[in-house]
Amino acid sequence: MTNNKILKVCGMQDADNIRAVEDLGVDWLGFIFYPKSPRYLAEIPQYLPNRAKRVGVFVNESRESICITVDRFSLNYVQLHGNESPEFCNNIQKEGIKVIKAFSLKHANDLSITGNYEDICNYFLFDTKCKQHGGSGNQFDWEILKNYKGKTPFLLSGGINEYSANSLNQLKHPQLVGYDINSRFETIPGFKDVERIRKFHTALLKNS
């Protein structure tokens, strides 16, 4: 745990990069199984994390395909980033798979849909609303989170960079359990700047 929070690094592809990021002590590593993403992971890398939890990111994928990928990559969680219904999430849960449901936020009323997913998902992930599925690298107004009254714990994503640690540590919400970082920590899509993550990681600890 970083600052008593989960630190998830998403969009990993390269074996050596995966190992280096895991060695920083991050908690979760995310792998994107959405073919339209530049970070799409088509084949099993030569190294997958042994200590950090493995999270697979899917967009409107079939239950069968998700289950096959979970087994193939030994995933600990699936993160559903599309228009998956509460019933679909519940069916994935019934397969014995832990579910993170992502929601794109722009306005406070965008949070209203989360009520339909209570008691179905293990975690929510709140990200910036944009046209494409997945991260835009832009930050939404974190003040919106004050309007979240649900009981499902959530991770925060959307525009987090190496200089965000102080602002993140000032966010106080009882259900905020972690941070998801991706594009702002890359040299190219799918390849993370290890030193940038290290600085962010250190700053979180220092400011906690």
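No lab work stands behind these numbers, since they all come straight from the coordinates. Given the structure is predicted, the values throughout are model-derived calculations rather than measurements. So basically every Cβ, Gly included, is an ideal-geometry build from the backbone, and we count neighbours across all protein chains shown.
What lysines does residue 5 reach when the alpha-carbon gap must be under 25 Å and sequence neighbours fewer than 8 apart in one chain are set aside?
Answer for residue 5, where 25 Å is the Cα cut-off: 53, 98, 101, 106, 129, 146, 149, 151, 172, 192, 199, 206, listed by chain and number.
Pick out, in residue order, every one of the trypsin sites (Lys or Arg not before Pro) in the stretch 1-84 that is DSSP loop and has at most 12 other C-beta atoms within 10 Å; say none if there are none.
Details: sites: 5, 8, 19, 36, 39, 51, 53, 54, 63, 72; in loops: 36, 39, 51.
In loop regions of the stretch 1-84 (DSSP not H, G, I, E or B), the sparsely surrounded trypsin sites (Lys or Arg not before Pro) are 36, 51.
Amide H of residue 79: which non-local residues (sequence gap of 5 or more, or other chain) have their own amide H closer than 5 Å, using H built in the peptide plane?
Placed amide hydrogens put 56, 57, 58, 100 under 5 Å from residue 79.
Which residue, chosen from 158, 13, 56, occupies the Cα position most advanced towards the positive end of the dipole of the stretch 6-207, where the dipole is computed from +1 (Lys, Arg) and -1 (Asp, Glu) charges on Cβ about the Cα centre?
158
If I build a Gaussian network model for the chain, linking alpha-carbon pairs within less than 10 angstrom, which residue out of 189, 86, 38 has the largest mean-square fluctuation?
Sorting by GNM fluctuation, first place goes to 38.
Rounded to the nearest 5, what % of DSSP beta bridges with both residues in the chain are antiparallel?
In the chain, approximately 10 percent of DSSP beta bridges are antiparallel ones.
Roughly how big is the stretch 2-114's charge dipole about its Cα centre, with Cβ charges of +1 (Lys, Arg) and -1 (Asp, Glu), in debye to the nearest 20? Don't jump to the answer; show the numbers that get you there.
Values: 14 positive and 13 negative charges, 50 e Å.
The dipole magnitude comes to about 240 debye.
Residue by residue through the stretch 80-88, what is 3J(HN,Hα) from phi via Karplus (6.51 cos²θ - 1.76 cosθ + 1.60, θ = phi - 60°)? Round to whole Hz and write x for glycine and proline.
Working through the residues one at a time gives 9, 10, x, 9, 4, 7, x, 5, 5 Hz.
I want the local charge near residue 114. Using Cβ-Cβ distances under 12 Å, sum +1 for each Lys or Arg and -1 for each Asp or Glu among the other residues.
Surrounding charge for residue 114 is 0.
Taking the Cβ of residue 147 as the centre, find all other residues whose Cβ is under 12 Å away and add up their charges (Lys, Arg: +1; Asp, Glu: -1).
Net charge in that neighbourhood comes out at -1.
Could you size up the charge dipole of the stretch 6-207 around its Cα centre, putting +1 on the beta carbon of Lys and Arg and -1 on that of Asp and Glu, and report it in debye to the nearest 20?
Details: 25 positive and 23 negative charges, 81 e Å.
Roughly 380 debye for the stretch 6-207.
Which of 122, 183, 107 sits farthest toward the positive end of the charge dipole of the stretch 6-207, with +1 on the Cβ of Lys and Arg and -1 on the Cβ of Asp and Glu?
107
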